[in-house]
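Just so it is clear, none of the values below were taken in a lab; they were calculated from the coordinates. Model, not experiment: these values are computed from the prediction. When we count neighbours, we look across all protein chains shown, and the Cβ atoms used for this are built from the backbone with ideal geometry, even at glycine.
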Amino acid sequence: MDRDRFRESTAGRVIRVGKGLEAYWAFVPDSLPPSLQWDAKLVFVLADAERALGELAGLGRTMPNPHMLVGPFVRREAVLSSRIEGTETDIADLYSYEAGQLPLPGLGRPGASETDAREVLNYVRALEYGLERLDSLPLSLRLIRELHERLMGGARGERATPGEFRTSQNWIGSPGCTLNEADFVPPPPTEMHNALDAFEKYLHTEGEQPPVVRLALIHYQFEAIHPFLDGNGRIGRLILSLLLVHWELLPLPLLYLSAFFEQHRDEYYDLLLAVSERGAWREWVEFFLRGIAEQARDAINRAKQLQDLQLDWGQRLEGERSALPLRLADHVFQSPVLTIPQAQHVLEVTYHSARRNVEKLVKAGILQPAGEVGGVRTFVAGEVLQAVRLPLG
């Protein structure tokens, strides 16, 4: 890491680690909060973010069945957050994998693999676990380790000590680079633990900054500390999703920033690094708040699209005497890749009855046949997949 790039930083300090030929420079971030320079533009961006977030929260509270959105939104976040780290899984691949039917030709993303899909599903499971765990444990270093254990267990990062903070130095840079060639070297383990202690104290202290601004500061700080050997980016984005609900900014996990970060990936990484290099807090916070506003409006539009789709499906099935087709249609919002045995389990009926109800959804245009895998016929709700995929609409 080039020490000269960090000489004028107001966000932390550069320290020399080791001796002789093995010595290197590392960055230790200062404790939060920093001094943030406010101007009219930043106040406007903050107001826009809070307004959009408030509108999304209001929609979540007034929807008759907001949980219909949670499953698709969580999986969309898992796909996009993992894609930032290099996976090729599409949301159709994820649903297919959950249904035990990966791969399904023509549905997902070229290059998708079972390993990628398992990694993305780990993200879903970690987020679901975190949301449930918040009922008994506040967001803390302990919970962060538990999330990491679930994120990395059984995946490619299994050797990266799942659930344990690192005991050796890591660094960020181009593939194959050394510590001295790295773009950024986070604090060594001893300094890392001190930084994590201060980070946890900030999590549990109500600051003077608006909550959405605190989220921006927290996200940078976690990335700068980089406390795990692998999975730091995904855990950092998981923390944002959990805090939005834990701080009651949203009633349910409906907003995720990975889509914004993935769309503006270079700017995202450049601005995080700019905070470390020269204390560019204002630029980072403005970018983050723009992401909040953009993704809140995106979530509102997708939620309304799914609501309209639910009403449309209800009209298509209006003539049915049995409630089973409508019940299965509601389940399809949660699992838009479906097999007849799964429909049988959901409806608690015989295989013959499940097949008949699946066929009714096919006739109504709600499900479409997607071929067979291992002799099992698979059906897909293409309209649900379209509603949660990029681009919108």
Three-way shape label, segment 320-388, alpha-carbon gyration tensor, a/c 1.5 = oblate
Along Cα→Cβ, 7 Å out, is where each label goes; now give me the distance between the ones at residue 362 and residue 135 in nm to one decimal.
-> 3.9 nm
What FRET efficiency, computed as 1/(1 + (r/R0)^6) with R0 = 45 Å and r the Cβ-Cβ distance, is obtained for residue 205 and residue 115, rounded to the nearest 0.05?
-> 0.65
Taking Cα pairs closer than 8 Å and at least 6 residues apart, the relative contact order of the chain in percent is 23 percent
How large is the helix-only mean residue ellipticity at 222 nm for the chain, computed as the sum of -39500 (n - 2.57) over DSSP H runs with n ≥ 4, divided by its residue count, in deg cm²/dmol to the nearest 500?
-> -18500 deg cm²/dmol
Charged-residue dipole, Cβ positions (Lys, Arg, Asp, Glu), the chain about Cα centre, Debye nearest 20 = 680 debye
So what are the ³J(HN,Hα) numbers for segment 130-142, from phi and the Karplus equation (6.51, -1.76, 1.60; θ = phi - 60°), rounded to whole Hz, Gly and Pro as x?
-> x, 4, 6, 5, 4, 5, 10, 9, x, 4, 8, 4, 4
Fewest Cβ neighbours within 10 Å first, please rank 292, 15 accordingly.
-> 15, 292
First check a/c for segment 1-132, with a ≥ b ≥ c the square roots of the eigenvalues of its C-alpha gyration tensor; if it is under 1.5, answer rounded, and if not, answer prolate when a/b is larger than b/c or oblate otherwise.
-> oblate
So, in Å, what gap is there between the alpha-carbon centers of segment 196-253 and segment 5-63?
-> 10 Å
Fewest Cβ neighbours within 10 Å first, please rank 191, 277 accordingly.
-> 191, 277
Relative contact order for segment 192-278 using alpha-carbon pairs under 8 Å, separation at least 6, rounded to a whole percent?
-> 21 percent
So, in nm, how far is label residue 327 from label residue 23 when the simple model puts each one 7 Å beyond its Cα toward the Cβ?
-> 7.3 nm
Taking the simple approach of a point 7 Å from Cα along Cα-to-Cβ for both residue 263 and residue 308, what is their distance in nm?
-> 1.8 nm
For segment 3-303, just say rounded, prolate or oblate: build the C-alpha gyration tensor, square-root its eigenvalues into a ≥ b ≥ c, call rounded for a/c under 1.5, and beyond that prolate if a/b exceeds b/c, oblate if not.
-> oblate
Using a 10 Å cut-off on Cβ atoms, rank the peptides 82-90, 355-363, 132-140, 331-339 from the highest mean neighbour count down.
-> 331-339, 82-90, 355-363, 132-140
Ranked from fewest to most other Cβ atoms within 10 Å of their own Cβ, 226, 148, 204 fall in the order 204, 226, 148
